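A short write-up of the structure that comes next.
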Amino acid sequence: MPPTPTEAGTIALRQHIGRLKSELVQGQAALKTAYQAKGDAMRMLRGRSQLVDDVLKQLWQEARLPLGLSLVAVGGYGRRELFPASDIDLLFLLPDNVAQETERQIEELIGLLWDIGLDIGHSVRTVWQCADEAARDITVQTNLLEARLLCGNRALFNDFAEKMRAQLDPKAFFKGKRLEQSERHVRYQETPYALEPNCKESPGGLRDLRNILWICRAGNLGDSWNDLARRDYITRGEALQLKGLENFLRHVRIRLHWLTGRREDRLLFDHQEAIAGQFGIAASRTRRASEQLMQRYYKTAKSVTQLNVILLQNLGAEIFPEANKAPIVINDHFQSDRELLDIRVEDVFEKTPSAILESFLIMQQRGELKGMTARTLRALWRARRLVGPDFRRDPHNRAAFLQIFQQRRGLVHELRRMNQYGILGRYLPAFRRIVCQMQHDLFHVYTVDQHILMVVRNLRRFTMPEFAHEYPFCSRLIAGFEKHWLLYLAALFHDIAKGRGGDHSKLGMPDARRFCKEHGLEEEDTALVVWLVQHHLSMSNVAQKQDLADAEVIRAFADLVGDERRLTALYLLTVADIRGTSPKVWNGWKGKLLEDLFNATLRLLRGASAQQALGIGERQEEARRLLRYFGLRQDIEDAFWKELDTAYFLRHDAEEIAWHTRTLYHRPASAQPVVKARLPHIGEEGLQVMVYVPDQPHLFTRLCGFFSRLGYSIVEAKIHTTRHGYALDSFMLLDPDGMLAYRDMISLIEHDLSARLASGTTADQAVSGRLSRQMRNFPITPEVLIRATEKPDQCLLSIVAADRPGLLFNVANTLDEHHINIHTAKIATLGERVEDTFLISGAELAKTATLLRLETELLEKLQV
């Protein structure tokens, strides 16, 4: 029996598959070769679209589908911009009544498209279904906006296009796309300057450009940058600039797709060096090729965001025309137009350059202003070149710049606007050098300029009542600090010398000193700003790496700060700086260390003795008060406290002492291990774990192995041995991945760890894990330093290494093998980098040969 026409078509189609697949592979290889030879991005994108068009048309013809259907290209494929690994978005457009046989044929055709290697995204709808979906979902409406008929019934397609156009409401579409853009920007932390940006979706990416053109098409305002220039929404120069920006981003995306062999739009660390090489960028003496590529990317994204703001404002004014209202005159240079700051004449900045800084001051001083008009922003961008040596030397401009920092509101917004439009870098040439500069220290997640502005933002938040619940201690301190604006200046300069080679804290001092003198700051204020720039890392280093129970550590730090004003200023800057590096770097444990150091130093500066500064008596009294609060009788703690030496009371706060005492006073010589875990204070994350057990070899190593197996990082360990031979160890644990429910783990830790200690089980082997992408691309050379302390039998061990699971276990195990005792451990994790400090003792530390062997073995364990 001969095959039916449909079956015959299917047989012929399958025979055709091999040839089409080969044609597709060869065609894409030819496009890649041509692109690599000529570097024409649009030719490549349109070439791939045409290649896919040809294949689809052949398949459609071979499939012998009914004449009433249409095959439509939509989305990026519809506008003939098909990136190497992009989905091929197709709409199978159906008439109202379709036979089941036709639906089966469509399903078979879709399967064949996948068979020949086309990664398709498809929908099968009638015209009315398309209209219904578009009305409910702006993403669908946007996708259909660029529909293009490939083959099939033209009348059906024309009916579809007519209904889509009739349904389109430019005002609703504008609001929807602007909201969609805002939500997308929030998903990407509202910054174009992430270290691993998405070249399509991040702020300043291709999507921001495409959003403008979608709005223009929906409002019949044009389909291209040239169309917008002809209608005077942008200048011809801006149209040319937009083409260049879009072209660069297209090149980045094309090369990412080919490099990875998939639809990868993120400029991950893994890819940045290779992409830089494809752009012909080579490493210089001081900068990697990837750093130069990313600086170019950030400058592109910055320009895209500028033009996006200007165009959205102009298009909004066109789509939402308002009755002409006379602007409200502010002064000779500016007026308020629809709650936006507007220049009164186009050349105001050329005639009066001082008006450049005045515009930002007015934005701060007039709360009713919601932004600047497009022509004001354009004028500022053009006027940035007027900010040169003569402008910077002008006393009026210097006074205005300083006034910006002294205003009650709007500082961060205006600094960001000044940076966005090139004014800040022109006024401060040293700042201009760090604009869009990457930081490869594995804990900063922003470029240097954006980090600086985040630190200023954090300092400003300390002064704002609405954020007092987030930073109560900082809010109290800054309320009593005279001249807040000096802190903002210190923040502006604290990292300004990054990337010059050498210690940026010292290299930034001359810049800060010169600025302060040129701007007429008093000598005392100048000294404070310069000192803060020099020592902005000191408090963090002492709190996280040194023993705060050591009176000499506190005394040395008090000598460094000298007075309460500097102490307060440094504390506030340190908290703002750490919180401005990354959302993941700050935690309650670091906050407590800094606050403990602040309070101990403050007591010393106010005349207390070194021992009084450490507050042992105060801690004990507060611990007794807490014990009475929990109903324990007077002096119940005495017997247990007699077994604890001074070092214990120095290293634990009153609340911890009370917790330990309540748990252990009635069993000071317990034969069974005592393990207790609890949540820390409200607002802090992590788990506190206390272990009380007869002292025994390898205990710290066993505990490290146990916590590592559970997936926790140890951020602090306090190791103490009582006078009667018991280990009383305290740990602060964090879950670096945020996957473990702390409260749910308390019972498990208490039961399982007690059982393991009671049974004498050998140490758990720590879990092994893969290095992060960051560490693979920016490896850290491990460091080990063992130095003597003032106590002859003790040393400080400092290690720097790449963080990874089981690291602390390996260190503890190595020390065990050399019979080294650990008294305290400070574990500081800064992103992917650990800087740990241990107070240790042991006979081998006194011998040069064994000391060198220990350092060598530790380095081997720390190697990635």
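The values are calculated or read from the model by the stated rules, or taken from the named source; none is laboratory data. It should be emphasised that the depicted structure is a prediction, and the values quoted were computed from it without experimental measurement. Don't worry about glycine lacking a Cβ; one is built from the backbone with ideal geometry, like all the others, and counts go over all protein chains shown. These accessible areas exclude ligands, DNA and RNA; they are computed on the full protein's heavy atoms, side chains included. Shrake-Rupley method; radii C 1.70, N 1.55, O 1.52, S 1.80 Å.
All C-alpha to C-alpha distances of segment 481-629, sorted into 10 Å bins beginning at zero, yield P(r) values of 11, 35, 33, 15, 4, 1 percent in whole numbers. Restricting to DSSP loop positions (anything but H, G, I, E, B) with no more than 10 other Cβ atoms inside 10 Å of their own Cβ, which trypsin sites (Lys or Arg not before Pro) remain in segment 577-657? The qualifying sites are ARG606, ARG633. Summing Lys and Arg as +1 and Asp and Glu as -1 over all other residues whose Cβ lies under 11 Å from the Cβ of TYR712 gives a net charge of -1.
Dipole size of segment 676-730 about its Cα centre, with +1 on Lys/Arg Cβ and -1 on Asp/Glu Cβ: approximately 180 debye, rounded to the nearest 20. Taking only the Cα atoms of segment 784-844, the ratio Rg/Rh comes out at 0.97, with Rh defined as the Kirkwood radius. The chain has equivalent-ellipsoid semi-axes of 58, 39, 25 Å, by the square roots of 5 times the alpha carbon gyration tensor eigenvalues, sorted largest first. For PHE481 and GLU790, the difference between the fully extended length at 0.36 nm per residue and the C-alpha to C-alpha distance is 107.6 nm.
Straight-line cross-link partners of LYS57 among the lysines, defined as a Cα under 22 Å from its Cα and at least 8 positions apart when in the same chain: LYS21. For segment 292-332, trypsin sites (Lys or Arg not before Pro) meeting the loop criterion (DSSP other than H, G, I, E, B) and having at most 10 other Cβ atoms within 10 Å: LYS325. When only Cα pairs below 8 angstrom with a gap of at least 6 residues are kept, the chain shows a relative contact order of 6 percent.
To the nearest ten degrees, helix 699-710 and the longest principal axis of the Cα atoms of the chain are 20 degrees apart. For the chain, adding -39500 (n - 2.57) for each run of n ≥ 4 DSSP H residues and dividing by the number of residues yields -17500 deg cm²/dmol at 222 nm.
In summary, the lysines within cross-link reach of LYS506, defined as a Cα separation below 23 angstrom excluding same-chain residues under 8 places away, comprise LYS498, LYS517, LYS545. Largest first, the three principal axis extents of the alpha carbons in segment 392-446 are 41, 26, 17 Å in whole numbers. Annotation: TRP381 carries an accessible surface of approximately 70 Å², with a 1.4 Å probe and no ligand, DNA or RNA atoms counted. Going by the alpha-carbon gyration tensor, a ≥ b ≥ c the square roots of its eigenvalues, is segment 418-573 rounded (a/c under 1.5) or, if a/c is not under 1.5, prolate (a/b greater than b/c) versus oblate? Here segment 418-573 falls in the rounded category. Along the positive direction of the dipole of the chain (beta-carbon charges: Lys, Arg +1; Asp, Glu -1; about the Cα centre), which of VAL542, GLY277, TYR726 reaches farthest? Sorting the options by dipole projection puts first GLY277. Distance between the pseudo-spin-label points of LYS370 and LYS545 (7 Å out from Cα toward the beta carbon): 5.0 nm. Sequentially through segment 40-48, phi angles give Karplus couplings (6.51, -1.76, 1.60; θ = phi - 60°) of 9, 5, 5, 4, 5, 4, 6, x, 5 Hz, Gly and Pro residues having no value and appearing as x.
How big is the accessible area of ARG338 in square angstrom, nearest 10, if you roll a 1.4 angstrom probe over the protein chains? Counting only protein heavy atoms, ARG338 exposes about 120 Å² to solvent.
Which one, LEU386, ILE478, PHE598, projects farthest toward the positive side of the charge dipole computed for the chain from Cβ point charges (K/R +1, D/E -1)? My answer, from the dipole projection, is LEU386. Considering only Cα atoms, the convex hull volume of segment 578-694 works out to 135 Å³ per residue. From most to least packed by mean Cβ count within 10 Å, the peptides 489-496, 735-742 give 489-496, 735-742. Take the Cα of ASP132, go 7 Å toward its beta carbon, and the backbone nitrogen atoms of segment 79-121 under 16 Å from that spot belong to 93-98.
Excluding ligands, DNA and RNA, the accessible surface per residue across the chain is 44 Å² with a 1.4 Å probe. Cross-link partners for LYS243 among the lysines, with Cα-Cα distance under 20 Å and sequence neighbours closer than 8 places in the same chain left out: LYS38, LYS200, LYS299, LYS302. In whole Å, what is the distance between the alpha-carbon centres of segment 638-683 and segment 460-474? Spelled out, the Cα-based centre of one part sits 33 Å from the other. Here the accessible area is traced with a 1.4 Å probe on the protein chains. For the chain, carbon and sulfur cover 49 percent of it. Each part gets one Cα centre, and for segment 549-624 versus segment 284-358 those centres are 44 Å apart. The stretch between HIS519 and ARG344, if pulled fully straight at 0.36 nm per residue, gains 60.0 nm over its current Cα-Cα span.
The largest accessible area among SER49, SER182 belongs to the first residue in SER182, SER49, and the rest follow in falling order (1.4 Å probe, all chains). In segment 8-160, the ratio of gyration radius to Kirkwood radius, Rg to Rh, stands at 0.98 when only Cα atoms are counted.
The order of the peptides 801-813, 167-179 by mean Cβ neighbours within 10 Å, most packed first, is 801-813, 167-179.
For the Cα trace of segment 648-690, dividing Rg by the Kirkwood Rh returns an Rg/Rh value of 1.00. Computed about its Cα centre, the charge dipole of the chain is approximately 2340 debye, with only Lys, Arg, Asp and Glu carrying charge at their Cβ.
The simple Förster model, with R0 at 45 Å and r as the Cβ-Cβ distance, assigns GLN26 and ARG432 a FRET efficiency of 0.35.
Between segment 132-175 and segment 41-114, the C-alpha centres lie 17 angstrom from each other.
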